[in-house]
1. Mind listing just one residue for me: the one in segment A:155-172 that is among the hydrophobic types (A, V, I, L, M, F, W, C) and in contact with an Asp or Glu (Cβ under 8 Å, 6 or more places away or on another chain) and, of those, nearest to the other protein chains (Cβ to nearest Cβ)?
2. Picking from A:Leu79, A:Leu38, A:Leu94, A:Leu73, which residue would you name as being more than 14 Å from chain B (Cβ to nearest Cβ), within 26 Å of A:Tyr18 (Cβ to Cβ), surrounded by 19 or more Cβ atoms within 10 Å (Cβ to Cβ) and in contact with a strand residue (DSSP E or B) (Cβ under 8 Å, 6 or more places away or on another chain)?
3. Scan segment A:131-158 residue by residue and report those that are touching a helix residue (DSSP H, G or I) at 6+ places or on another chain (Cβ under 8 Å) and more than 24 Å from A:Ser111 (Cβ to Cβ).
4. If only one of A:Ala85, A:Ala100 is surrounded by fewer than 24 Cβ atoms within 10 Å (Cβ to Cβ), in contact with an Asp or Glu (Cβ under 6 Å, 6 or more places away or on another chain) and of a type in the set (Gly, Ala, Ser), which one is it?
5. Taking the stated definitions as given, is A:Lys224 modelled with pLDDT of 95 or more, within 19 Å of A:Gly119 (Cα to Cα) and either part of a loop (DSSP other than H, G, I, E, B) or of a type in the set (S, T, N, Q) (or both)?
6. State yes or no: is B:Thr181 β-branched (Val, Ile, Thr), over 14 Å from the mean Cα position of the chain (by Cα) and farther than 24 Å from B:Ala252 by Cβ?
7. Hey, does segment B:94-107 have a residue that's hydroxyl-bearing (Ser, Thr, Tyr), farther than 20 Å from B:Gly24 by Cβ and either out of contact with any Asp or Glu (no Cβ under 8 Å at 6 or more places or on another chain) or outside any helix (DSSP H, G or I) (or both)?
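The values are calculated or read from the model by the stated rules, or taken from the named source; none is laboratory data. Note that this is a predicted model, so its numbers are computed, not measured. In this analysis, Cβ positions are derived from the backbone assuming ideal geometry, glycine residues included, and neighbour counts consider all displayed protein chains.
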Amino acid sequence: MKRFDATRLRKTILDMAYAGSTVHIGCAFSIVELLAVLYRNHLRFDATDARSPSRDYMVLSKGHGVMAQYACLNEIGWLPDDEIARYFGNGTRLKGLADAHVPGVEVTAGSLGHGLSVGVGMALAAKRERTDQTCYALVGDGELNEGAIWEAALFAAQFKLDNLAVIVDVNGFQAMGTTDEVIALGDIEKKFAAFEFDTTTIDGHDESAIDSAYADARSRKNGKPKAIIAKTVKGKGVSFMENDNIWHYTRLNQETYDSAVAELRGEA
Amino acid sequence: MRDAFSNALVAAAQKDPKVLLLTGDHGYALFDPFRKACPDQYMNCGIAEQNMVGVAAGLAKAGFRPVVYGLAAFVPIRVLEQIKIDVCYEQLPVTFIGDGAGVVYAQLGTSHQSTEDIAALRAVPHVSIYSPGDRFELTSCFEQIMESSGPAYLRMGKADLGDVHAGPLANWTNGDLIPVTMSNAPYLFVATGSGVKLAQKVAAAIGDVDIVSVPRIKPFPDESLLRLARGREAIVTFEEHSVYGGLGGAVAETLVGRYVGTFLRIGVPDQFSTLCGNYPFLMESHGLGSADVESRIRKMLRENVEYQ
């Protein structure tokens, strides 16, 4: 069985969303391959200890996509199946936005523009301690509206954090519309390059491209932070969710759940 | 008081290499001794306070002991959400220093003044709040913060008013109110920060007053206050902070239902500093000149007698 298989992760997300009757499916689907490749081939962690001091850091700054991370943490074994099955239930741990009290979740996010700075602090700590830890910080394109993101970007360059890889999930949507309609971001890669990052743009659903980008980001110890601009599709994997922003808000019913699962299984 | 802060900070950093000082491009001259003694533990994070607090949280998660310095108008006010979510929710050992609290930056105006910082932070879980009245209290507060393992806010206000106590505090480890004068008088003045000096001045004019200082506002030492409140005819709080939600609020919350005498809060009323002026001018504009305060207290005491 392939570890962190994207289709299986999407199925877990659908199960969670259906069980908990929750929203934010589209923004979880857009980052599935980005997380799958990271956990499968790059992120160093101790499966027996989510807080191992020598771990790499996976910072989900776009906390709205947290179901995709829960699905990965479930595969590692940090989140048991029954907890996944009771998602959104009263008295459970797994909330609708990233929460640092959950094993494997590094930052409390959802109020956007927070996680990247915390990740920068962890990357800085690794630099000061001369460890070879890498911090991967996944931010949304909508999240780039937040001023604190650019404060963090300036700081990361100033402090030469070449152990920081910022992954930008460019799915082109934010809560109330496309990013172009709300606050146009222009050329995101050029913006990060102007902030003195090493940059690359990839297809955020192409696992081999993602794999190369992560390997390259970790290997280049040149004093510059890295930005991987990942072009993605919001709702990727289920045709009726793709590029339809209502899946930021819509809850599954029996029919849409069955139809989405059938499509993932290749039955549709 | 600022020398005491600098000394305490240098001592802490020399004792523990995990102590890091983060400043938001503030502290000119103040940090010269620190930069000389511990250059590798000093970081100017630029004029970007939100990122600075997030970075401090990340450093703390990885085992460091950040001390985040800014003017109180920015730390904690501008970065309240970062303090709440990035630091307090995880109970990280990050210390926040809010300098120039109150109306210290008098002529610079409202942007650099802070009379709401205690109130804002009191409602955030897990953060301790310290407000020393002189250099001896500051040293004890800082030591207590460094011995704790959670978030803390140290409020530094008007720093050149002189000493309250005769020397270093002995064994102040429980956060209790600290007696300044104590003779079982009918009136009790409860003061924090620069309010202690104001309370002393007013007490000298009114007489029959005991004074206690409150260097730690959260967790508030309820039992210590209730013991001292017993049998008093009147209690007055003093602070260079809004009368809402600061020391006066904390004392009122503790006393309500458990104290029957007269009670008055002296602090900044619900208003900004609208005019330019020096520190004494602004204090007077907020009704915090000693003559004003004295007459308000005398009026309260008179009315109280009449009502009896």
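1. A:Ala157
2. Only one candidate passes the filter, namely A:Leu38.
3. A:Asp132, A:Gln133, A:Thr134 - these are the residues of segment A:131-158 that are touching a helix residue (DSSP H, G or I) at 6+ places or on another chain (Cβ under 8 Å) and more than 24 Å from A:Ser111 (Cβ to Cβ).
4. Selected residue: A:Ala100, the only one of A:Ala85, A:Ala100 that is surrounded by fewer than 24 Cβ atoms within 10 Å (Cβ to Cβ), in contact with an Asp or Glu (Cβ under 6 Å, 6 or more places away or on another chain) and of a type in the set (Gly, Ala, Ser).
5. The answer is yes for A:Lys224.
6. So B:Thr181 does not fit the description; no.
7. No, because not a single residue in segment B:94-107 is hydroxyl-bearing (Ser, Thr, Tyr), farther than 20 Å from B:Gly24 by Cβ and either out of contact with any Asp or Glu (no Cβ under 8 Å at 6 or more places or on another chain) or outside any helix (DSSP H, G or I) (or both).
Conditions tested, residue by residue: (1) under 14 Å from the mean Cα position of the chain (by Cα); (2) at pLDDT 95 or above; (3) buried (at least 20 other Cβ atoms within 10 Å of the Cβ).
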site	(1), (2), (3)
B:Tyr130	yes, yes, yes
B:Gly150	no, yes, no
B:Phe189	no, yes, yes
B:Ala205	no, yes, no
